[in-house]
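Take a look at the structure set out below.
The values are calculated or read from the model by the stated rules, or taken from the named source; none is laboratory data. No experiment lies behind these values; they were computed from the predicted model shown. Every residue, glycine among them, receives a Cβ derived from its backbone with ideal geometry; neighbour counts consider all protein chains shown.
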Amino acid sequence: MSWVIGIDLGGTKTAIGLVNPEHQIVGQRRISTHEEQGPQAIVERIAQEIADLEQVHGQKAQAVGICCPGPVDHVTGSLLTLVNLPGLSNTPLRQLLAERLGVPVQLDHDAKAAALGEFHYGAGRGRTHMVYIVIGTGVGAAIILDGKLYYGESNSSGEVGHITVDRHGDVCQCGSRGCMETYTSGPWLARRYQQTLAKLGLPDKEASGEQLTHLAATGDPAAQAVMQAAGTALGIAVASMAMIMNVELYIIGGSVAKAGDVLLEPARETVPHYAFKAVAARVQIVASALGDDGPILGSAWLGRAALRV
Ligand SMILES: [Zn+2]
């Protein structure tokens, strides 16, 4: 069995992990992405970190998997027009990395890689179907059916953040109204927290989505109301997916999901109100088991898959 590298390239940070044949991350580096420096500089910095990891552990990686924020073309291995990483838009990143490293490279969307990580090594082990939902600055998802990622007919499956959960709700960035994302994403949580404080006649206070989850856990009534609404919106979206696909396992990851039961419990309570009883009874909404390691392990799995073909 081979040693491989898994890379999670993000808007600000990039994590690089050396993964052993037992699928464990034995060494990890986190570097600033610096997308403004362009693709060649990023490829070079990643290559140097890989070389360093290989030297420290006395192993040579046989393949590399890398995941990035979307949209990406997993077939050609190219990044498309990236809102959060404009300096890397329209880059054939897989080809650039493969040329520099001299090993097979696979590239996919970060939510899809995280889903693969959970499916093979985390909360989805032993299952055949699952949905992974990542809730952070935005909301995205990856669907695994019959053990395989489902991409859709034109590679745009999994936009569950934009399922309408309230047709009279606020206008979303996507142009639609009352999207699940407008209740659950970090920026929307922060906005709704301030709105709720004003409604309750409490003094104005700013808190990020992640800070809100802590405030809710410590009994802050406005934070609890916002997280309750977020969990309800998540539950409605899960109920809709369960009714359409009859998938029973929903794994929730991303920075906002670190809230745990403050978010997940209202979601679980909501599902039976919006799905057939027989369907709802089998739905499980669970927290990601791998956290930040998920995208790295999923990318490593992709890299390893390149060696099998
Ligand atoms: Zn939307």
TODO: State all residues of the stretch 268-294 that are over 18 Å from the mean Cα position of the chain (by Cα) and either within 15 Å of ALA141 (Cβ to Cβ) or crowded, with 19+ Cβ neighbours inside 10 Å (or both); if no residue qualifies, say none.
DONE: ARG268, THR270, VAL271, ALA275, ALA280, VAL283
Open item on the list: Anything in the stretch 175-203 that is assigned to a loop (DSSP other than H, G, I, E, B) and near the ligand (Cβ under 9 Å from one of its atoms)? List them, or say none.
Closed with: GLY175, SER176, GLY178, MET180
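Residues are listed down the side, and each one gets a yes or a no for (1) within 22 Å of PRO71 (Cα to Cα); (2) touching a helix residue (DSSP H, G or I) at 6+ places or on another chain (Cβ under 8 Å):
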{"residue": "SER176", "(1), (2)": "yes, yes"}
{"residue": "THR182", "(1), (2)": "yes, yes"}
{"residue": "LEU200", "(1), (2)": "no, yes"}
{"residue": "ALA207", "(1), (2)": "no, yes"}
{"residue": "PRO221", "(1), (2)": "no, no"}
{"residue": "MET227", "(1), (2)": "no, yes"}
Open item on the list: So, in the stretch 120-147, exactly how many residues are free of Cβ contacts under 8 Å to residues at least 40 places away in the same chain and either of a type in the set (Val, Ile, Thr) or surrounded by 20 or more Cβ atoms within 10 Å (Cβ to Cβ) (or both)?
Closed with: 4
Open item on the list: I'd like to verify a number: residues in the stretch 156-175 that are touching a His at 6+ places or on another chain (Cβ under 8 Å) and within 29 Å of VAL75 (Cα to Cα), how many?
Closed with: 1
Open item on the list: Which of the numbered conditions does GLY58 fail, given that it passes all the others? Conditions: (1) without any contact (Cβ under 8 Å) to a residue 40 or more places away in the chain; (2) within 27 Å of ARG308 (Cβ to Cβ); (3) in contact with an Asp or Glu (Cβ under 9 Å, 6 or more places away or on another chain).
Closed with: (3)
Task: Complete set of residues in the stretch 148-179 that are under 20 Å from GLY298 (Cα atoms), surrounded by 14 or more Cβ atoms within 10 Å (Cβ to Cβ) and modelled with pLDDT of 95 or more - done: LEU149, TYR150, TYR151
TODO: Report, by residue number, each residue of the stretch 4-38 that is in a loop (DSSP other than H, G, I, E, B) and modelled with pLDDT under 95.
DONE: GLY10, GLY11, THR12, THR33, HIS34, GLY38
Task: Residues located in the stretch 57-71, provided they are over 20 Å from ILE133 (Cα atoms), of a type outside the set (S, T, N, Q) and part of a loop (DSSP other than H, G, I, E, B) - done: GLY58, LYS60, ALA61
Task: Which listed residue is loosely packed, with under 15 Cβ neighbours inside 10 Å and under 20 Å from the mean Cα position of the chain (by Cα), from VAL83, VAL26 - done: VAL83
Open item on the list: Could you go through the stretch 208-221 and let me know if any residue there is among the small types (Gly, Ala, Ser), within 23 Å of the chain's Cα centre (by Cα), closer than 22 Å to CYS179 by Cβ and not in a helix (DSSP H, G or I).
Closed with: yes
Open item on the list: For the stretch 72-174, give me every one of the strands (runs of 3 or more DSSP E) that falls completely inside it and has 2 or more residues that are within 16 Å of the ligand (Cβ to nearest atom) and within 23 Å of ALA239 (Cβ to Cβ).
Closed with: 130-135, 139-145
